[in-house]
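Down below is the structure, laid out as C-alpha cells.
Readers should treat all values here as calculations from the given coordinates under stated rules, not as data from a laboratory. A quick note: this is a predicted structure, and the numbers were derived from the prediction, not measured. Glycine also receives a Cβ, built like all others from the backbone with ideal geometry; neighbour counts cover every protein chain displayed.
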Amino acid sequence: MKEITLISGDGKRFTISAKYASISAMIKTSLLDQDTKEITLKLTGLTLSKIVKYMENRKGVDMEEMKWPIKHKDMKDNVGKGNEWCAEFIDEEAKNRKNFYDMLLATVRLDIKGLQNLGVGKIASLLKFCDASDLDRVLDPAISDGKLLPLRPSIIEDRKKDEAERLKKREERKKAREAKEAEEKKGKK
C-alpha cells in the first residue's frame, strides 16, 4: 500500500496510507501524479494531526452526511450506528473551540465533506439546545475544556449599547409617526 507524507506549515510530518488520505478530494487530486510522495499543507501540526487521526480511523471511507435537521444534543444520536467513533471524536475536538474551528476550516480547504458535515452538525447541536442569551458563550473561541465561560465584559457592554440603540431608534420612529399623524390631522381641519 502506497504511503505519503503530509507536512504541516510548521514542519510536522505525518506518514499515512495514500488510500486513507484520499478522503480529502484535494489530496486525492495531488496523488494523481504518481511521483507524489510528500504534500505540504498550510495547516498547523496540531490541526493536521486531528485530520490524520480522522483519516486513519475512517480507512479511506469518509463519513456519510448526517440527517438534517439535527434532532439531538448527543452527537451519537445524530450520526447513526457505525459512526460512534466519529461522534466521540467530534465531541472531544469541540471542547477546545479554537482548535475545533481551525480543524473545521481545514476540512473546507482539504475538501473532506464527511468531517466538515460532522463539524457543522456539532455546531448546530451546540446552538440548537442553548438559550439565545448564551449564543456568544457557546461559540466563544476561548473555551478550552468544553465548559461555558462567563460573558466577557466587552460582550456585556456591546449588548447594552445595542439595546440602547434599539430603544433610541424605536423612540425616534414613534415620535416621527406621532408627528406625521399630527400633521395629517392639521391638514384635515
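Karplus couplings for segment 113-127 from phi (6.51 cos²θ - 1.76 cosθ + 1.60, θ = phi - 60°), rounded to Hz, Gly and Pro as x?
Each residue of segment 113-127 in turn: 4, x, 5, 4, 4, 4, x, 5, x, 5, 4, 4, 5, 5, 6 Hz.
Computed from these coordinates, which is mean projected area of the Cα convex hull in nm²: (i) 16.6; (ii) 22.8; (iii) 12.7?
Given (i) 16.6; (ii) 22.8; (iii) 12.7, the calculated one carries the label (i).
Please report the net charge: other residues with Cβ closer than 14 Å to the Cβ of Ile7, K and R +1, D and E -1. Numbers along the way, then the final one.
Details: positive: Lys12, Arg13, Lys37, Lys42; negative: Glu3, Asp10, Glu38.
With Lys, Arg at +1 and Asp, Glu at -1, the net is +1.
Among the aspartates and glutamates, select those whose C-alpha is under 12 Å from the C-alpha of Lys169, and discard any that sit fewer than 8 residues away in the same chain.
none
Within a Cβ distance under 13 Å of Lys175, other residues only, what is the Lys/Arg minus Asp/Glu net charge?
On the way: positive: Lys168, Lys169, Arg170, Arg173, Lys174, Arg177, Lys180; negative: Glu171, Glu172, Glu178, Glu181, Glu183.
With Lys, Arg at +1 and Asp, Glu at -1, the net is +2.
Which whole-number percent is the relative contact order of segment 1-154 (Cα, under 8 Å, 6+ apart)? Walk me through the intermediate numbers first.
Working: 209 pairs, mean separation 33.7, N = 154.
Once normalised by length, the contact order is 22 percent.
Give me a comma-separated list of calculated 3J(HN,Hα) values for segment 96-104, in order, Karplus coefficients 6.51, -1.76, 1.60 applied at θ = phi - 60°, integers in Hz, x for any Gly or Pro.
Running phi through 6.51 cos²θ - 1.76 cosθ + 1.60 with θ = phi - 60° gives 9, 4, 4, 5, 4, 5, 4, 5, 5 Hz.
Return the percentage of antiparallel bridges among DSSP beta bridges fully within the chain, rounded to the nearest 5 %. Show your work: numbers first, answer last.
Details: 5 of 8 bridges.
So the antiparallel bridges in the chain amount to around 60 percent.
How far, in degrees from 0 to 90, does helix 84-93 lean away from the longest principal axis of the Cα atoms of the chain, to the nearest 10?
It works out to around 60 degrees.
On C-alpha positions alone, give me the angle between the axis of helix 45-58 and the longest principal axis of the chain, in degrees, nearest 10.
Result, in degrees: 70.
Taking 22 Å as the cut-off for C-alpha to C-alpha distance, list the pairs among Lys42/Lys113; Lys95/Lys160; Lys2/Lys81; Lys28/Lys53; Lys2/Lys98 that go past it.
Going by Cα-Cα distance, Lys95/Lys160; Lys2/Lys81; Lys2/Lys98 fall outside the 22 Å limit.
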